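Colleague: Sharing a structure with you now.
The values are calculated or read from the model by the stated rules, or taken from the named source; none is laboratory data. From a predicted model like this one, the values you see are computed outputs, not experimental measurements. Cβ atoms come from the backbone with ideal geometry, glycine included; neighbour counts cover every protein chain shown. We work out accessible area using only protein heavy atoms, side chains counted, and drop any ligands, DNA or RNA first. Shrake-Rupley method; radii C 1.70, N 1.55, O 1.52, S 1.80 Å.
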Amino acid sequence: MTSSPNPELTQRPEWQALRAHAEAKGQRHLRELFAADPSRGERLTAEAVGLYMDFSKQRVDDETLHLLRQLAEACDLAGRTAAMFDGAKINVTEDRAVLHTALRAPAHAKVEVDGENVVPDVHAVLERMAAFADKVRSGAWLGHTGQRIRNVVNIGIGGSDLGPVMAYEALRHYSQRELTFRFVSNVDGIDFVEATHDLDPAETLFIVCSKTFTTLETLANAQAARRWCLAALEDEAAIARHFVAVSTNEKEVAKFGIDTANMFGFWDWVGGRYSMDSAIGLSTMLAIGPDGFSDLLAGFHAMDEHFRSAPLERNLPALMGLIGIWNTNFLGAETVAVLPYEQYLKRFPAYLQQLTMESNGKGVTLDGRRVDYATGAIYWGEPGTNGQHSFYQLIHQGTRLIPCDFIGVGRPLSALPLPDGSDQHDLLMANLIAQGEALAFGKTAEEVRAEGVAEALVPHKTFPGNRPSTTILAERLTPHVLGALVALYEHATFVQGVVWGIDSFDQWGVELGKVLAKRTAAELTASSDAELAHDSSTNALIRRYRQLRDG
Ligand code: F6P
């Protein structure tokens, strides 16, 4: 294992300079910052790959940004970025390269892992995916009984589900509407039952997505799918027409009974949560077609190139990542609310939860020492305007500092005109813009009083403001824009992991629960008087569950 690039992060002069800056100036109000610099609303913005990012409503000034850049330099962000793009094994605890960027590299690019250029393999899989997608979309790929495939069910969990379902929802406007898409992830059998209850097995294709092909939930659901299919089609040979697999594990795919001719591969240098642009995106390609998928990859790639080459002052992922460090480590924020004002992005916050929290939810440095600073923030969110009528109250007037990311577009994919000649989309965007303004500037007690509000209600109707937000705008939601947006968050997550000196690419924290669940599953099915050796709460819950189940 290599030693940590951040031996003493909080002792670094750059960190201490930020701490001193935060103590001296961190509480300045955004009203004050805007008054002192009326042009900050245009200045503290950056634009690349079709995304306009306004971070002027973050509690930063030029000095903050300068100090953050110095911290990034001290943590060798440039060197670590080059190492990632060059295929160095920066996932040290798994001794793996981290090369999701190679998944969207153009065919002529060269990216080596252990001396082998991986780009030709990436493009070979993309071509196989495209040939398969064309067959299914055109109706040339037939089910076992000769019927056309009309339903596609993706079975997977975590990165083998969240990316596909988010991308499908995000790009639904571009999808082939004659095909129905469903996504099954939860080991709760209801997920499978409800996803398939109105489908005809003769017209249904299952994509079993699992990097390892050993994930309990996915294998249980894939077995259920197999039984569901065979119960109707009554012939083992049907599996070859109704099941394809996406995995890195050919042996387990074959063991499951899926013909490896129907398998689309990827590689151990693609992390699950960074895999929606690998063959894991097969459902996305089936929905939007190979050309649409190419646009998506091009959006990712354009953001990759921007990230690796733009100076930190104008680098969207670096700015986003570093401002997140400022909010988390110097202003004490614990969460980030992601608020898409674009209904098609309704699953984007859920997708980001795995990307950010599985990546940066770590408590030890690369060389295994406990950190003495906060790491990964809690990501959450809902599409606007729904959130406004639920949890925004707490963001506006609660006691916690909750930085928000607002995401919106200039042009909706479907217009919905209003009688006054405007479009419903204007209403939506008016809300996005108004929320950022209200959070930043609030409403003072004097302003409330000036409205004639009774004194007893003044504290209740006062908005403190000074609640930071970033606003990201694109012209329109396209596959290209989605790719750029996802890559923006991927790289911002990376930037934070570099500064914190943690391994953003492993996920050991999911292991303990998996092991205990296996043991508990055996105990739940054992006879009720079998010896239980857990703590008293766990023992009692097992007994109570058995009673409830068995009556
Ligand atoms: O939750 C742990 C995890 O390993 C994720 O990182 C991954 O995306 C998910 O499980 C699914 O894994 P697989 O694709 O191997 O089934």
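Colleague: Report the FRET efficiency, 1/(1 + (r/R0)^6), for H108 and L541, where r is their Cβ-Cβ distance and R0 is 51 Å, rounded to 0.05.
Modeller: 0.30
Colleague: How large is ³J(HN,Hα), in whole Hz, for each residue of the range 184-198 in order, when computed from phi with the Karplus curve 6.51 cos²θ - 1.76 cosθ + 1.60 and θ = phi - 60°, using x for Gly and Pro?
Modeller: Couplings: 10, 10, 6, 6, 4, x, 4, 4, 5, 4, 5, 5, 10, 4, 10 Hz.
Colleague: Could you please state, rounded to a whole Å, how far the C-alpha centre of the range 73-118 is from the C-alpha centre of the range 232-307?
Modeller: About 21 Å separates the Cα centre of the range 73-118 from the one of the range 232-307.
Colleague: Whole number in Å², please: accessible area per residue of the chain, 1.4 Å probe, ligands, DNA and RNA not counted.
Modeller: Spelled out: the 1.4 Å probe surface of the chain, per residue, equals 43 Å².
Colleague: Still on this structure, please answer the following. Give me the percent of accessible area attributable to carbon and sulfur for the range 421-551, probe 1.4 angstrom.
Modeller: Within the range 421-551, the accessible surface is 59 percent carbon and sulfur.
Colleague: Now for a separate question. Show the residues, 5+ positions off or on another chain, whose built amide H is closer than 5 Å to the amide H of D405.
Modeller: HN-HN under 5 Å from D405: A337, V338, L339, T470.
Colleague: Once the Cα gyration tensor of the chain is diagonalised, what are the square roots of 5 times its eigenvalues, in whole Å and ordered largest first, as equivalent ellipsoid semi-axes?
Modeller: Semi-axes (√(5λ), whole Å): 41, 28, 27.
Colleague: Once the piece of chain linking R148 and D86 is laid out straight, how much longer is it, given 0.36 nm per residue of separation minus the C-alpha distance between them?
Modeller: Details: separation 62, 0.36 × 62 = 22.32 nm, distance 4.36 nm.
Net length gain for the segment: 18.0 nm.
Colleague: Sort the following peptides by mean Cβ neighbour count (other Cβ atoms within 10 Å, averaged over residues), highest first: 419-426, 402-409.
Modeller: 402-409, 419-426
Colleague: Convert each backbone phi in the range 423-440 into a coupling constant with the Karplus relation 6.51 cos²θ - 1.76 cosθ + 1.60 (shift: θ = phi - 60°), then list the ³J(HN,Hα) values in order as whole Hz, x for Gly and Pro.
Modeller: Result, rounded to whole Hz: 10, 4, 5, 4, 4, 4, 6, 4, 5, 4, 5, 5, 5, x, 5, 4, 5, 6.
Colleague: Stretched out fully, how many nm does the piece from H173 to R549 gain, at 0.36 nm a residue minus the Cα gap?
Modeller: Computed gain between H173 and R549 is 131.0 nm.
Colleague: For the range 481-540, which trypsin sites (Lys or Arg not before Pro) pass both filters: DSSP loop (anything but H, G, I, E, B) and at most 10 other C-beta atoms within 10 Å?
Modeller: Nothing satisfies the criteria.
Colleague: Quick check: residue separation of D291 and H66 times 0.36 nm, minus the Cα distance between them. What number comes out in nm?
Modeller: Net length gain for the segment: 76.9 nm.
Colleague: I've got another one for you. What's the center-to-center distance, using Cα atoms, between the range 195-228 and the range 416-457 in Å?
Modeller: Using only Cα atoms, the two centres lie 47 Å from each other.
Colleague: Would you please put 464-475, 178-189, 530-541 in order of how densely packed they are, using the mean number of other Cβ atoms within 10 angstrom per residue and starting with the highest?
Modeller: Sorting 464-475, 178-189, 530-541 by mean packing, highest first, produces 464-475, 178-189, 530-541.
Colleague: A further question on this structure: Residue by residue through the range 32-39, which ³J(HN,Hα) values in whole Hz follow from phi under the Karplus form 6.51 cos²θ - 1.76 cosθ + 1.60 (θ = phi - 60°), with glycine and proline marked x?
Modeller: Here the 3J(HN,Hα) series is 5, 4, 6, 5, 6, 9, x, 8 Hz.
Colleague: Same structure again: Could you work out [θ]222 nm for the chain from helices alone, using -39500 (n - 2.57) per DSSP H run of at least four and dividing by all its residues? Round to the nearest 500 deg cm²/dmol.
Modeller: Rounded to the nearest 500, it is -13500 deg cm²/dmol.
Colleague: Of the accessible area of the range 342-405, with the probe set at 1.4 angstrom, what percent is carbon plus sulfur?
Modeller: Summing carbon and sulfur atoms, their accessible area is 49 percent of the total for the range 342-405.
Colleague: Oh, and also: Which far-off residues, 5 or more places away or on another chain, put their amide H under 5 Å from the one on I149, with H placed in the peptide plane?
Modeller: Residues meeting the criterion, in which the H sits 1.01 Å from N, are G143.
Colleague: With r defined as the distance between the Cβ atoms of Y373 and A78 and R0 fixed at 30 Å, what FRET efficiency is calculated, to the nearest 0.05?
Modeller: Numbers: r = 22 Å, r/R0 = 0.73.
Taking R0 as 30 Å, the efficiency between Y373 and A78 is 0.85.
Colleague: Within the range 407-430, name every residue whose backbone N is under 19 Å away from a label modeled 7 Å from Cα of F34 along the Cβ vector.
Modeller: Residues 407-408, 429-430 qualify, since their backbone N sits under 19 Å from the label point.
Colleague: Residues with amide H under 5 Å of F181's amide H, sequence separation 5 or more or different chain, H placed in the peptide plane at 1.01 Å from N; which?
Modeller: Sorted by chain and number, the residues that satisfy this are V152.
Colleague: Further question on the same structure: Write out the GluC sites (Glu not before Pro) in the range 279-367 meeting two conditions: DSSP loop, and at most 14 other Cβ atoms within 10 Å of their Cβ.
Modeller: E334
Colleague: Let me ask you something else. Sticking with the crude label model, points 7 Å out along Cα→Cβ, report the distance from R43 to K25 in nm, one decimal please.
Modeller: 1.1
Colleague: In the calculated pair distance distribution of the range 288-414, what percentage of Cα-Cα distances lie above 17 Å?
Modeller: On the way: 5564 of 8001 pairs.
Here the long-distance tail beyond 17 Å is 70 percent of all Cα pairs in the range 288-414.
Colleague: In the range 211-279, carbon and sulfur make up what percent of the accessible area (probe 1.4 Å)? Kindly include the intermediate steps, with their values, before the conclusion.
Modeller: Numbers: 1330 of 2700 Å².
Answer for the range 211-279 is 49 percent, counting heavy atoms of protein chains only.
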